Ligand code: TYM
């Protein structure tokens with residue numbers, strides 16, 4: 001039986017963080033044994049924000065090294081750089097004819113970028129979701145492991161696939177966002193203001209490259225409050241986020257103790273001690289991040305290995321991409 005096709009990508013716009021790991025990469029590592037997987041570094045997408053050329057080159061290598069350090073096996077999957085697969089750009093062109101200005105302007109990520117960089121609202125930014133759809137559809141992927149912030153882009157990819165199929169005959173399956181356990185993940189920043197991010201609010205984001213000391217410092221100043229005012233309170237979002245992180249990196253009995261302390265606390269009888277909670281979280285986080293950080297440093301400095309991964313990945317990806325593109329050209333009638 002043919003395995004289902006999985007695809008996902010990460011933009012090389014900075015250091016990878018816990019959001020990237022728990023929203024996306026953790027799933028990649030699990031999916032690589034069960035599915036036919038394509039993972040890639042979205043360097044074309046990052047051109048929308050005009051990065052420094054040298055920095056972009058280094059960031060691509062780092063994203064590759066960090067993914068491999070997290071357990072992604074380039075032998076099991078196709079792991080490639082987007083710009084090495086020109087077939088994606090051709091599919092992007094066709095899909096652009098089926099994407100409308102109105103819907104693109106309404107996309108949440110586009111509106112965010114217009115706010116953040118009003119001096120650089122380029123056409124690539126507007127058609128970002130179309131390029132993302134091309135990334136997915138070029139391998140006819142059905143499962144796309146991503147964090148919650150990508151849900152709207154996936155919905156748009158389904159729309160573009162449907163429109164294509166309707167107009168030219170069925171070529172594409174419909175892709176869906178995926179997370180083991182169902183709910184898509186959103187890791188908030190440690191000050192509770194928005195999500196962890198590669199480029200914004202860096203002092204409140206934990207990066208896979210952070211030193212032990214920096215992790216301690218960031219977690220110890222994470223936002224907390226005076227504690228629950230009633231027993232079995234609903235946790236405020238920023239406290240819930242700390243518990244989410246604890247669940248991700250600590251032993252179940254440790255989590256249970258803090259959950260029990262939280263639930264037993266009330267105004268004037270606060271049993272949970274956020275200072276102790278954060279100390280525990282920091283140490284467990286260090287246990288989790290340090291081995292990834294050290295592995296990534298070693299891989300990043302092995303330029304021969306990186307070049308081999310990139311070359312093999314592109315070769316694998318282009319086989320699948322060329323096969324889809326040939327069907328696409330046939331469907332549109334671009335065969336002379
Ligand atoms: P990017 O590079 O911003 O993020 C990479 C992955 O990490 C997830 N993520 C998060 N998950 C939970 N909490 C967070 N705080 C958090 N921050 C990031 C993202 O959801 C994503 O899965 N447009 C994409 C890149 C892309 C892509 C694709 C993804 C291009 N083409 C095709 C899937 C399929 C992006 O900017 O991800």
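We did not get these values from a lab; they are worked out from the coordinates using the rules stated. Not measured: the values here are computed from a predicted model. No Cβ is skipped: glycine too gets one built from the backbone with ideal geometry, and neighbour counts run over all protein chains shown.
Entry note, segment 5-96: relative contact order of 39 percent, from Cα contacts under 8 Å with a spacing of 6+ residues. Length gained on full extension, residue 203 to residue 298, computed as 0.36 nm times the residue gap minus the Cα-Cα distance: 31.7 nm. Would you mind pulling out the separation of the Cα centroids of segment 27-92 and segment 156-199, in Å? First find each Cα centre; the distance between them is then 17 Å.
Note: relative contact order over the chain, using C-alpha pairs below 8 Å and six or more positions apart, is 24 percent.
Highest mean first, the peptides 244-257, 76-89, 153-166 sorted by other C-beta atoms within 10 Å per residue fall in the order 76-89, 153-166, 244-257. Note the direction-averaged projected area, equal to a quarter of the hull surface, for the Cα convex hull of the chain, in nm². Result: a mean projected hull area of 19.1 nm². The C-alpha atoms of the chain define a longest principal axis, and helix 87-96 lies at about 90 degrees to it. Here segment 182-273 has an Rg and Dmax of 14.0, 40 Å, counting Cα atoms alone. Extent along the principal axes, Cα only, for segment 259-336: 80, 37, 13 Å, with the longest axis given first. Within segment 228-251, which residues have the backbone N less than 18 Å from the label spot 7 Å out from residue 270 along Cα→beta-carbon, could you tell me? Only 228-243 pass the distance filter. Between 0 and 90 degrees, the angle of helix 252-264 with respect to the longest Cα principal axis of the chain falls at about 60 degrees. For segment 70-181, the equivalent ellipsoid derived from the alpha-carbon gyration tensor has semi-axes of 23, 19, 15 Å in decreasing order. With N counted as the residues of segment 1-148, its alpha-carbon radius of gyration over 2.2 N^0.38 Å works out to 1.05.
Round to the nearest 10 and give me the degree value, 0 to 90, for the angle of helix 303-332's Cα axis relative to the longest principal axis of the chain. That helix lies at roughly 50 degrees to the long axis. If you average over every viewing direction, what projected area does the convex hull of the Cα atoms of segment 198-334 give, in nm²? Averaging across all directions leaves 13.4 nm² for the Cα convex hull. Based on every Cα atom in segment 47-86, Rg and the maximum pairwise Cα distance Dmax equal 11.8, 33 Å. In the chain, helical runs assigned H by DSSP with n ≥ 4 each contribute -39500 (n - 2.57); averaged across all residues and rounded to the nearest 500, the mean residue ellipticity at 222 nm is -16500 deg cm²/dmol.
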